[in-house]
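The values are calculated or read from the model by the stated rules, or taken from the named source; none is laboratory data. Since the model is a prediction, treat every value here as computed from it, not as a measurement. Neighbour counts are summed over all protein chains in view; Cβ atoms, including those assigned to glycine, are modelled from backbone coordinates with ideal geometry. Surface accessibility is based on the protein's heavy atoms, side chains included, excluding ligands, DNA and RNA. Shrake-Rupley method; radii C 1.70, N 1.55, O 1.52, S 1.80 Å.
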Amino acid sequence: MKKWMVLALLAVVCVSVYWPHRNAQFILDDYYTVVRNPLIKNFFLYPNIWTSRLFDAHQASGYIKFGYYRPVLESSWVVDYHLFGLKTFGYQWINLLIHILNCFLIYILWGRLFGESNLALKASLLFAVLPSQEWVVRYVTGRADELSVSFALLALLFLYDVFRTGKKIGYVAVFIFWALAALTREVALSYLLLAFFIYRPGTINRFCLFWILIGLLPLVLIFSIIPKQGNILIWHVFYFASIGLCLWMAQLRWRVIVVLVLLFGAVSFYQGRFWTTEETLLRHTRSLEWWPRTVTSQQLLMKYDDDIPAINDLVLHADDPRIKAMWLRRLGLIYFIHHDLNTAQEYFSKALSVNASDVDALNSLAVVAHQENQEAESLNYLNRSFAINPYYPDTLRTLGIYYYIHQDFPQARLYLSHCLFFEPDNVQARQLLNLANKTN
């Protein structure tokens with residue numbers, strides 16, 4: 001088959017299995033990495049991508065703290081945001097295109113290393129539909145794995161050409177692509193070990209063994225935290241390792257490969273329905289998790305579950321003050337939704353006592369005070385929140401609403417404009433600002 005025919009075949013297979021749902025939602029970490037990430041939304045903040053960490057990209061992002069440094073990954077979302085805004089299916093389409101590219105790069109690499117186009121085609125087809133890829137292709141934040149693999153595969157292809165032709169200028173491209181891979185996801189640094197096997201691949205079985213071992217190295221390093229994260233979250237670690245596994249399986253006959261591709265494709269297609277919304281994912285994780293209180297279930301439970309005894313149990317066992325405050329806020333929100341303002345205020349206050357810098361608790365207390373016609377107290381909470389973090393869009397928006405209600409339109413315009421600087425897709429702030437601008 002000609003290369004363009006192979007690419008077309010891989011594209012048809014991948015699109016058939018992973019076609020993005022138009023009503024798909026951002027889930028789990030997407031809320032911090034994309035939805036509340038101001039660095040991908042504002043031209044003036046783009047340079048901060050290269051000096052910030054992924055989850056707490058800016059003070060406007062909130063206060064979730066993780067030490068991941070992935071500027072290339074964040075930069076890729078800049079393109080998505082300007083093409084699709086916050087429409088999740090668009091981001092999933094880009095993820096799908098990257099996955100198709102990876103399948104094609106695998107076909108090219110195996111074809112050059114082992115000189116067998118049939119073997120390369122079978123391996124790339126298996127890789128395209130392997131059920132473990134579902135997590136990476138449909139989960140927007142899962143792009144870290146597939147994009148880093150794209151750069152790593154390109155680096156390996158250039159490295160192979162250097163070994164084959166002796167043109168050392170190719171090392172420049174190798175360095176650039178490996179640097180991009182590492183700046184997309186840190187574990188790509190371990191893929192450097194494959195350079196030794198690209199030079200002398202040996203037998204297919206030996207090559208596959210070392211590829212899988214190197215690919216699973218990150219899993220060994222993080223194994224101790226997997227039980228807490230939940231088994232549904234470990235599949236992304238297999239994305240790179242599965243390339244070697246698919247090459248090993250590709251030695252089977254075509255009739256077996258066809259059966260496996262159909263079987264894997266059916267499983268992946270079936271799993272796709274669980275990744276449409278967080279509610280469906282919550283039900284799915286509960287059916288899969290060995291321990292129902294993993295981090296995945298907790299993140300979803302925080303938004304959608306009203307099981308007060310279960311949440312109280314999580315508050316009791318939370319060691320991190322920020323996590324405990326988040327659960328107390330969740331309890332307060334449950335009571336607020338059910339119009340029990342006194343109990344809601346009690347839990348928001350408890351959250352603040354646990355974490356004095358919890359701006360969300362202060363904002364919630366401000367809303368409760370407003371509901372009880374305690375306007376001076378409401379403004380006091382908002383000013384305290386603003387003093388802690390003057391860049392947080394929720395605080396800026398709420399202050400704008402407060403001053404709009406009290407007909408102080410210049411102040412309302414000031415805070416709403418600042419909110420939109422960091423969160424230009426905030427519909428409520430934009431609509432209110434338009435009304436404020438029309439008022440003298």
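The table below lists the values:
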| quantity | calculated |
| --- | --- |
| Net charge contributed by nearby residues that have their C-beta within less than 13 Å of Cys419 (K/R +1, D/E -1) | +2 |
| Using a Förster distance of 22 Å, the FRET efficiency for Tyr69-Ala195 (Cβ separation, nearest 0.05) | 0.40 |
| Degrees between helix 341-354 axis and first principal axis of the chain (Cα, 0 to 90, nearest 10) | 60 |
| Region 330-372: radius of gyration over Cα atoms, expressed as a fraction of 2.2 N^0.38 Å | 1.00 |
| Cα convex hull of region 299-430, projected area averaged across orientations, nm² | 8.1 |
| Proximal charge balance of Tyr68 [Cβ under 9 Å; K/R count +1, D/E count -1] | +2 |
| Hits among aspartates and glutamates - C-alpha to C-alpha of Lys122 under 20 Å, sequence gap 8 or more where chains match | Glu134, Glu146 |
| Full-extension gain in nm, Trp50 to His317, via 0.36 nm per residue minus C-alpha separation | 92.5 nm |
| Mean shadow area of region 381-432, taken as a quarter of the surface of its Cα convex hull (nm²) | 3.1 |
| Inverse mean reciprocal Cα-Cα distance (Kirkwood Rh) of region 73-188, Å | 15.1 |
| Share of alpha-carbon pairs per 10 Å distance bin for region 120-225, given as whole % | 13, 41, 38, 8, 0 |
| Whole-number percent relative contact order across the chain, with pairs defined as alpha carbons under 8 Å at least 6 apart | 14 |
| Label-zone membership for region 1-38, site Phe269, 7 angstrom Cα→C-beta point, backbone N under 17 Å | 9-22 |
| Angle between the chain longest axis and helix 71-84 axis [Cα atoms, degrees, rounded to 10] | 70 |
| Percent accessible area from carbon and sulfur atoms, the chain, protein chains only, probe 1.4 Å | 64 |
| FRET efficiency for Glu186 and Ala8, using Cβ-Cβ distance with R0 set to 41 Å, rounded to 0.05 | 0.75 |
| Scattering profile of region 364-408 at q = 0.18, 0.19, 0.28, 0.32 Å⁻¹ [log10 I(q)/I(0), Debye over alpha-carbon scatterers] | -0.45, -0.50, -1.04, -1.23 |
| Where only alpha carbons of the chain are counted, the Rg and the Dmax (Å) | 24.8, 78 |
| FRET E, pair Leu209, Leu252, Förster distance 22 Å, beta-carbon r, rounded to 0.05 | 0.85 |
| Helix 359-371 axis, angle to the chain major axis (alpha carbon atoms, nearest 10°) | 40 |
| Base-10 log of normalised Debye intensity for region 333-407 (one unit scatterer per alpha-carbon) at q = 0.11, 0.15, 0.18, 0.25 Å⁻¹ | -0.24, -0.45, -0.66, -1.19 |
| ³J(HN,Hα), Karplus 6.51/-1.76/1.60, whole Hz, each residue of region 114-129, x for Gly, Pro | 10, x, 10, 5, 5, 4, 5, 5, 4, 5, 5, 5, 5, 5, 4, 10 |
| Label-to-label distance, nm, for residues given as Asp307 and His406 (7 Å Cα→Cβ offset) | 4.3 |
| Over region 1-146, volume per residue of the alpha carbon convex hull, in Å³ | 125 |
